[in-house]
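Notes follow the structure.
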Amino acid sequence: MGFFDFMTEDIAIDLGTANTLIIHNGKVVIDSPSIVARNRMTGKIIATGKEASLMQGKTHENIKTIRPLKDGVIADFQASEEMIKEFVKKIPAIKKKFFPPALRMVICIPSGITEVEKRAVKDSATHMNAKEIYLIYEPMAAAIGVGIDIMEPKGNMIIDIGGGTTEIAVIALAGIVYDQSVKVAGDLFTNDIMYYMRTQHNLYVGESTAEKVKINIGAATEDLDTPPEDMLVQGRDLLSGKPKQVQVSFREIAKALDKSILRIEDAVMETLSKTPPELAADIYNTGIYLAGGGSMLRGLDKRLSRKTDLPVYVAEDPLRAVVRGTGIALKELDKYKSVLMK
């Protein structure tokens with residue numbers, strides 16, 4: 001067994017709709033967009049991650065960019081497999097090895113996932129030389145990553161706003177008591193911004209541009225303490241067909257995103273209303289934790305706090321909270337055995 005241990009590498013993967021993160025030896029070694037570019041003629045993958053994301057919306061008919069995950073689950077099986085393979089190859093410690101090591105993996109999955117989808121994740125991992133595969137639910141990983149002691153008989157509420165799904169869960173005694181998975185998250189916010197620019201400014205913008213707008217001036221409410229500067233947005237004028245530029249303020253983006261954020265608010269309220277009273281009492285004291293990239297939207301914590309009358313805390317480095325939790329679960333496998341699924 002000793003020799004096998006020596007040959008085995010432990011990796012924790014957060015396979016996200018928008019970003020894939022990998023932890024190896026306690027360090028985040030991969031943090032890349034979940035996207036691949038494929039040559040249509042040869043079928044070969046020509047770029048993954050950041051390189052491929054720069055090609056998005058700028059390809060000719062010979063190159064196709066694919067986002068293998070949709071709404072948190074694998075939509076394009078082959079592409080997702082090739083993407084993970086590429087990422088694992090890029091890990092510095094594994095790159096140096098003469099032949100590919102056996103892997104022990106913990107992979108995050110959304111809580112609303114079906115058995116078939118779970119199977120798809122496992123199959124992908126097996127194809128990549130994974131000898132032991134454990135799955136962990138995303139809200140669970142996020143809770144561990146935020147620093148909640150999930151083993152306690154105490155209720156905690158975590159909201160993980162990713163690229164494809166928002167996971168809302170109440171956790172106690174290392175289990176999920178009630179959870180909800182809504183398909184309103186970062187990608188939808190980006191689409192809302194594209195739609196708003198089209199309808200309000202007659203400006204057709206691409207996904208990458210809309211994403212930049214979201215990151216630079218995105219907001220969940222119009223009364224921010226430190227509002228961002230207005231932003232210049234370029235695209236194509238729908239009337240004249242000419243390239244044009246428009247100045248946009250965060251207030252407009254708050255309007256554009258309002259409907260989607262309402263849906264998240266409703267889901268949070270529903271989760272609270274289904275929480276057992278003892279746990280509700282705990283949550284009144286502990287508040288709500290936000291994780292995931294979507295939680296970085298300006299004023300979202302404030303807005304949820306106003307809606308729920310509870311304190312809302314954003315995790316530090318929320319983008320990495322889930323993979324951090326996954327990494328901790330992997331490092332202390334025995335302690336977190338009950339949370340992991342084979």
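The values are calculated or read from the model by the stated rules, or taken from the named source; none is laboratory data. All values reported here derive from a predicted model rather than from experimental measurement. Quick reminder, even Gly has a Cβ in these numbers, built from the backbone with ideal geometry, and neighbours come from all protein chains shown. Surface accessibility is based on the protein's heavy atoms, side chains included, excluding ligands, DNA and RNA. Shrake-Rupley method; radii C 1.70, N 1.55, O 1.52, S 1.80 Å.
Mind checking which residues of the stretch 257-278 are open to solvent by 20 Å² or more (accessible area, probe 1.4 Å) and either under 18 Å from ASP187 (Cβ atoms) or in contact with a His (Cβ under 8 Å, 6 or more places away or on another chain) (or both)? Once the filter is applied, which keeps residues that are open to solvent by 20 Å² or more (accessible area, probe 1.4 Å) and either under 18 Å from ASP187 (Cβ atoms) or in contact with a His (Cβ under 8 Å, 6 or more places away or on another chain) (or both), the stretch 257-278 yields ASP258, LYS259, LEU262, ARG263. For the stretch 316-327, taking the residues that are out of contact with any Gly (no Cβ under 7 Å at 6 or more places or on another chain) and open to solvent by 10 Å² or more (accessible area, probe 1.4 Å), the one that is nearest to VAL28 (Cα to Cα) is identified as ARG320.
Report yes if some residue within the stretch 234-255 is in contact with a Ser or Thr (Cβ under 8 Å, 6 or more places away or on another chain), part of a loop (DSSP other than H, G, I, E, B) and surrounded by 15 or more Cβ atoms within 10 Å (Cβ to Cβ); otherwise report no. Checking the stretch 234-255: not a single residue is in contact with a Ser or Thr (Cβ under 8 Å, 6 or more places away or on another chain), part of a loop (DSSP other than H, G, I, E, B) and surrounded by 15 or more Cβ atoms within 10 Å (Cβ to Cβ). For the criterion of being charged (D, E, K, R), open to solvent by 40 Å² or more (accessible area, probe 1.4 Å) and outside any helix (DSSP H, G or I), LYS64 passes. Within the stretch 133-159, being over 14 Å from the mean Cα position of the chain (by Cα) and open to solvent by 50 Å² or more (accessible area, probe 1.4 Å) holds for GLY147, ASP149, MET151, GLU152, PRO153, LYS154. Within the stretch 242-267, residues that are closer than 20 Å to SER295 by Cβ sit with their Cβ atoms under 6 Å from residues that are among the small types (Gly, Ala, Ser), at 6+ positions apart or across chains, in these pairs: PHE250/ALA219; ILE253/GLY218; ILE253/ALA219; ALA254/ALA219; ILE261/ALA220.
When every residue of the stretch 34-43 is checked against the conditions, at least one turns out to be open to solvent by less than 80 Å² (accessible area, probe 1.4 Å) and under 16 Å from CYS108 (Cα atoms). Quick check on my filter: what residues within the stretch 67-118 are aromatic (Phe, Trp, Tyr), open to solvent by 70 Å² or more (accessible area, probe 1.4 Å) and not in a loop (DSSP other than H, G, I, E, B)? Selection gives PHE77 alone.
Tell me yes or no: at least one residue of the stretch 220-229 is out of contact with any strand residue (DSSP E or B) (no Cβ under 7 Å at 6 or more places or on another chain) and assigned to a strand (DSSP E or B). No, because not a single residue in the stretch 220-229 is out of contact with any strand residue (DSSP E or B) (no Cβ under 7 Å at 6 or more places or on another chain) and assigned to a strand (DSSP E or B). If I filter the stretch 193-227 down to residues being within 18 Å of the chain's Cα centre (by Cα) and not aliphatic (A, V, I, L, M), which single residue comes out as most open to solvent (accessible area, probe 1.4 Å)? Only one residue tops the list, namely LYS212. Does the stretch 208-231 contain any residue that is under 30 Å from TYR137 (Cβ atoms) and acidic (Asp, Glu)? Yes: the stretch 208-231 contains one or more residues that are under 30 Å from TYR137 (Cβ atoms) and acidic (Asp, Glu).
Check whether at least one residue in the stretch 18-27 is in contact with a strand residue (DSSP E or B) (Cβ under 9 Å, 6 or more places away or on another chain), over 27 Å from PRO139 (Cα atoms), touching a residue at least 60 places away in the same chain (Cβ under 8 Å) and assigned to a strand (DSSP E or B), and report yes or no. No, the stretch 18-27 contains no residue that is in contact with a strand residue (DSSP E or B) (Cβ under 9 Å, 6 or more places away or on another chain), over 27 Å from PRO139 (Cα atoms), touching a residue at least 60 places away in the same chain (Cβ under 8 Å) and assigned to a strand (DSSP E or B). Considering the conditions (1) over 17 Å from the mean Cα position of the chain (by Cα); (2) farther than 20 Å from ASP187 by Cα, GLY325 is excluded by exactly one of them, (1). In the stretch 44-57, the qualifying residues are those that are without any contact (Cβ under 8 Å) to a residue 60 or more places away in the chain and part of a loop (DSSP other than H, G, I, E, B), and the one that is least open to solvent (accessible area, probe 1.4 Å) is GLY49.
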